[in-house]
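Inspection log for the structure reproduced underneath, given as structure tokens.
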Amino acid sequence: MEERKGRRLLLFPLPLQGHINPMLELANILHLKGFSITIIHTHFNSLNPSTYPHFTFHSIPDGLSESEAATKDLVLLLSLLNAKCIEPFRECLVRLLSDASEEPVACLISDVIHFFTESVADSLKIPRIVLRTGGASSFAVFAAFSLLREKGYLPLQESRLEEPVIEFPPIKVKDLPLINRCITEEYSKLVSGLSNGAKASCGVIFNTFEDLEEHALARINQELPNIPVFPIGPFHKFYPTSSSSDLFSIDHSCISWLDTQAPKSVVYVSFGSIAAMKEAEFSEIAWGLANSNQPFLWVVRPGLVQASEPFPSGFLETLNGRGHIVKWAPQKEVLAHPAIGAFWTHNGWNSTLESVCEGVPMICMPCFTDQMVNARFASDGWKVGLQLENGMERGEIERTIRKLVVEKEGEEIRERALKLKEKANLCFKQGGSSYQSLDGLVKHILSLESVVFQSQSH
Ligand code: UDP
């Protein structure tokens, strides 16, 4: 723990699992660097302060009705949060900034998707840094949506899906970060909010590292010439912690089950906290796993599939202990376990990065938005995975698993994954790119404070 800086940071995560985890990891890193931490969070998916006794928590009403909070429409949910949180957030900031009993506030660090925070922070003259919890490559693509429109890639045309997007190798047209390949007005608004919000910020933090996303980071630096960019990932490696910010309760039984399995044999299957699928797709996954003859650990989260009895009849009986199924796993611990041989993932950014950090090759099955970009980089950019290009079909699933985990054909992929792991594990050590970038971030935050002090003392 470094000397206390006598400054407080206000952190405001987006209330979704894949955004909460990195924001709290960032909070731990900055706390270690000597800052005091205040977390502002919504009632929706609210956090449990008792798991982080070293932080202060403030909960704000988000104004979501019961049905709005239960929506499966992600774009609607994000738009509602951006519209309804403005006033409660402003009131909370005013209270926090005027509290003389606390250390002075150096800046706000907001999830970049909470773009409404820009005008609130501006009106209160508090500097605002944004955290992009997704990758830099997908961010660069989002930031170029108008260029992609000009060049005719967007809106997407079915006849061009397999064409490369030459401005963004190795992305293909079908990988452009959309939902169901459509681009609605609401979605466009979110994308421009995200990109403009970053452009208007005092700095952008990425949970990535130079060696992984060098080209995208260079491009972002060009696009945002006056905004400092801090790639300081992988966050969870800086500060391994047992504190949990999980919205689901973790089933640790899988670790003792993994202890009984052969090294590098198990396929870990998880599609994150949001993705959902049809019963028929789920059934293909189940039979693909069963027929592969490899042991597997499968996270079947409530809501992953809409069916009263999700497993196809006869499936569970065929397993004979070869499969272990849980509702939510301690994923980072799982991926670091020596029994894991592959990760079948939806390529949410956190899952992708966590897999890279442990040298686990991936079976890529993206569902929507940035996941398609992440998956293409994993399979065709870093070449540490295989993508299920033709949807979910049990024969292809079985062949892909065997190729990646046991067959000679997958050997180069497995080796590349281990090499990438080495790079991931160097960047946050002394002298590494993320280590240096973090030092830069701390200095930058301390240089911002004079602006706030002026405004607070008036
Ligand atoms: N996760 C977990 N246990 C699980 C499944 C996921 O702890 O059983 C964590 C995972 O480690 C990651 C986050 O949930 O940090 C999911 O984030 P990601 O960006 O991969 O996907 P999202 O949920 O946002 O689609």
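A few notes on this one:
- Residues being surrounded by fewer than 19 Cβ atoms within 10 Å (Cβ to Cβ), over 29 Å from residue 434 (Cα atoms) and within 10 Å of the ligand (Cβ to nearest atom) - total across the stretch 234-261: 3
- All positions within the stretch 16-40 that are charged (D, E, K, R) and touching a Phe, Trp or Tyr at 6+ places or on another chain (Cβ under 9 Å): 25
- Taken as a whole, the stretch 351-366 holds no residue that is of a type outside the set (Val, Ile, Thr), away from the ligand (no atom under 16 Å from the Cβ), at pLDDT 95 or above and open to solvent by 20 Å² or more (accessible area, probe 1.4 Å).
- Pair list, Cβ < 6 Å and 6+ apart or interchain, from the stretch 354-368 residues that are more than 13 Å from residue 380 (Cα to Cα) to residues that are part of a strand (DSSP E or B) and β-branched (Val, Ile, Thr): 360/340; 368/179
- Selection within the stretch 18-55 - within 16 Å of the ligand (Cβ to nearest atom) and within 22 Å of residue 231 (Cβ to Cβ): 18, 19, 20, 21, 22, 23, 24, 25, 26, 27, 28, 29
- Close pairs from the stretch 419-433: first over 11 Å from residue 210 (Cβ atoms) and free of Cβ contacts under 8 Å to residues at least 24 places away in the same chain, partner part of a helix (DSSP H, G or I) and open to solvent by 30 Å² or more (accessible area, probe 1.4 Å), Cβ under 7 Å, at least 6 apart: 429/435
- Hey, residue 376 open to solvent by less than 10 Å² (accessible area, probe 1.4 Å) and either in a helix (DSSP H, G or I) or more than 16 Å from the ligand (Cβ to nearest atom) (or both) or not: yes
- Of note, residue 334 satisfies the criterion of being out of contact with any Ser or Thr (no Cβ under 7 Å at 6 or more places or on another chain), within 16 Å of the ligand (Cβ to nearest atom) and closer than 30 Å to residue 422 by Cα.
- For residue 347, the requirement of being open to solvent by 10 Å² or more (accessible area, probe 1.4 Å), among the polar types (S, T, N, Q) and assigned to a loop (DSSP other than H, G, I, E, B) is not met.
- Yes/no for residue 235 being on the phi < 0 side of the Ramachandran plot, modelled with pLDDT of 95 or more and not hydroxyl-bearing (Ser, Thr, Tyr): yes
- Failed item, numbered, when residue 392 is tested on (1) under 23 Å from the mean Cα position of the chain (by Cα); (2) outside any helix (DSSP H, G or I); (3) of a type in the set (A, V, I, L, M): (1)
- Tabulated pairs, the stretch 175-194, first buried (at least 19 other Cβ atoms within 10 Å of the Cβ), second assigned to a helix (DSSP H, G or I) and of a type in the set (D, E, K, R), C-beta under 7 angstrom, 6+ apart or interchain: 175/376; 177/370
- Scan of the stretch 262-279 for residues that are within 27 Å of the chain's Cα centre (by Cα), open to solvent by 10 Å² or more (accessible area, probe 1.4 Å) and away from the ligand (no atom under 11 Å from the Cβ), ordered by number: 264, 265, 277, 278, 279
- In the stretch 11-29, the residues that are part of a helix (DSSP H, G or I) and touching a helix residue (DSSP H, G or I) at 6+ places or on another chain (Cβ under 7 Å): 18, 21, 22, 25, 26, 29
- Just one of the listed residues (292, 313) is buried (at least 20 other Cβ atoms within 10 Å of the Cβ), more than 27 Å from residue 247 (Cα to Cα) and over 24 Å from the mean Cα position of the chain (by Cα), namely 292.
- Helices (runs of 4 or more DSSP H) contained entirely in the stretch 46-111, each with at least 2 residues that are of a type outside the set (D, E, K, R) and open to solvent by 60 Å² or more (accessible area, probe 1.4 Å): 74-84
- Residues in the stretch 299-331 that are within 16 Å of the ligand (Cβ to nearest atom), of a type in the set (Gly, Ala, Ser) and over 14 Å from residue 272 (Cβ atoms): 323 alone.
- Test: residue in the stretch 436-444 that is farther than 18 Å from residue 355 by Cα and at pLDDT below 95: no
- Condition check for residue 242: out of contact with any helix residue (DSSP H, G or I) (no Cβ under 6 Å at 6 or more places or on another chain) and at pLDDT 95 or above: no
- Yes/no for residue 340 being of a type in the set (Val, Ile, Thr), crowded, with 22+ Cβ neighbours inside 10 Å, away from the ligand (no atom under 12 Å from the Cβ) and modelled with pLDDT of 95 or more: yes
- Given (1) open to solvent by 20 Å² or more (accessible area, probe 1.4 Å); (2) under 28 Å from residue 444 (Cα atoms), index of the condition residue 35 fails: (1)
- Just one residue in the set 132, 128 is away from the ligand (no atom under 16 Å from the Cβ) and either basic (Lys, Arg) or touching a Cys at 6+ places or on another chain (Cβ under 7 Å) (or both); that residue is 128.
The values are calculated or read from the model by the stated rules, or taken from the named source; none is laboratory data. Because the structure is a prediction, the values reported are computed rather than measured. Cβ atoms come from the backbone with ideal geometry, glycine included; neighbour counts cover every protein chain shown. Note: areas computed on protein heavy atoms with side chains; ligands, DNA, RNA excluded. Shrake-Rupley method; radii C 1.70, N 1.55, O 1.52, S 1.80 Å.
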